[in-house]
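Student: Okay, handing you the structure first.
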Amino acid sequence: MKKIFLSFSFLLFYMLVYCQKPENINITLEIVFNNDNIVLDDPVYQTDNGTSIKFETLKFYISQIQLLKNDKVVFAEQNSYHLIDIFDPASLNILLTPQQNINFNKIKFSLGVDSVTNVSGAMGGDLDPTKGMYWTWQSGYINFKMEGRWANKHNLKNEFEFHLGGYQYPYNPVQTVELTTTDNNWNIVLDLGQFFNAVNLDRQKSIMSPCADAVLLSRQVAKCFRIR
């Protein structure tokens, strides 16, 4: 009887520890301007130097999501391509479905689409060309698209267009972002106020093809991510 009881106890322990359904991980993205949430139909945002910014389009790719514990990968999402669109609230939530419960203290991802996928041609899902994020097979995907209007005391009612993409050397702008998490906090913030505070719109307000400036601005965007 004692052996039967011990065997049953072991089986119960195994079922509780190993057979429980793994917890999904929901990553939420917040897109802000100097800590103010960017929302639909919001009128104007102000940079530190007094430039007014109004957004009309904001889309970008997050791909190759990995979760790390002490710099060791404990989860890597397969077919990891997510098109984030500020005007599509559903796209701001990314659901990860690990096969087992995991602990992690870092999130790592790419801002953009890798070169292998680019040379594979246009694809489906979030990579479908109808999403408006694909140039041609020669130039590939647009990693980050931002359009809108701006004004300051020197220039009124100007437009800005930043289409940052490409994959061929030396103008591959894909950036790696690595963020440390604490207390199971998985809210990722992109602060575009930080971006526009570092960009001179009087000098550079339009990029529509792969180039050196696209790489530089992509680096600046990558610096604007943080954990809430």
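Student: Sum -39500 (n - 2.57) across every DSSP H segment of at least 4 residues in the chain, then divide by the residue count to get the 222 nm mean residue ellipticity, nearest 500. The partial results should precede the final answer.
Tutor: Numbers: 4 runs with 40 residues, N = 228.
About -5000 deg cm²/dmol.
Student: Would you list TRP137, TRP150 from fewest to most Cβ contacts within 10 Å? Present the calculation step by step, with values, prior to reporting the outcome.
Tutor: Working: TRP137 11, TRP150 21.
Going from sparsest to densest Cβ surroundings: TRP137, TRP150.
Student: Work out the count of Lys pairs in the range 54-181 where the Cα-Cα distance is under 14 Å, with the pair 8 or more places apart or on different chains.
Tutor: On the way: LYS54/LYS157; LYS59/LYS131; LYS59/LYS145; LYS69/LYS106; LYS69/LYS108; LYS72/LYS106; LYS72/LYS108; LYS131/LYS145.
Lysine pairs meeting the criterion: 8.
Student: What is the fewest-to-most order of THR28, THR47, THR57 by other Cβ atoms lying within 10 Å of their Cβ? Write down the numbers at each step before the final one.
Tutor: Numbers: THR28 12, THR47 21, THR57 15.
If I rank by nearby Cβ atoms, fewest first, I get THR28, THR57, THR47.
Student: At each listed q (0.13, 0.21, 0.24 Å⁻¹), what is the log10 of I(q)/I(0) that the Debye formula gives for the range 115-228 modelled as equal alpha-carbon point scatterers?
Tutor: -0.59, -1.19, -1.31
Student: Against the longest principal axis of the chain, how steep is helix 2-18, in degrees 0 to 90 to the nearest 10, with axes from Cα atoms?
Tutor: Around 10 degrees separate the two axes.
Student: With a cut-off of at most 10 other beta carbons within 10 Å, and DSSP calling the residue loop, which trypsin sites (Lys or Arg not before Pro) in the range 129-190 qualify? Please list them.
Tutor: Numbers: sites: LYS131, LYS145, ARG149, LYS153, LYS157; in loops: LYS153, LYS157.
Filter output for the range 129-190: LYS153, LYS157.
Student: Let me ask something else about it. Could you point to the label whose value was computed as mean projected area of the Cα convex hull in nm² for the structure here, given (1) 14.7; (2) 12.2; (3) 15.8?
Tutor: Looking at mean projected area of the Cα convex hull in nm² for this model, the match is (3).
Student: Can you list residues from other chains, or at least 5 along the same chain, whose modelled amide H is less than 5 Å from the amide H of SER206?
Tutor: GLU161
Any read-out appearing in this document is the output of simple, stated calculations on the displayed coordinates, not a laboratory observation. Remember, predicted model here, so these are calculated numbers, not experimental data. We place every Cβ from the backbone using ideal geometry, glycine too, and count neighbours over all the protein chains shown.
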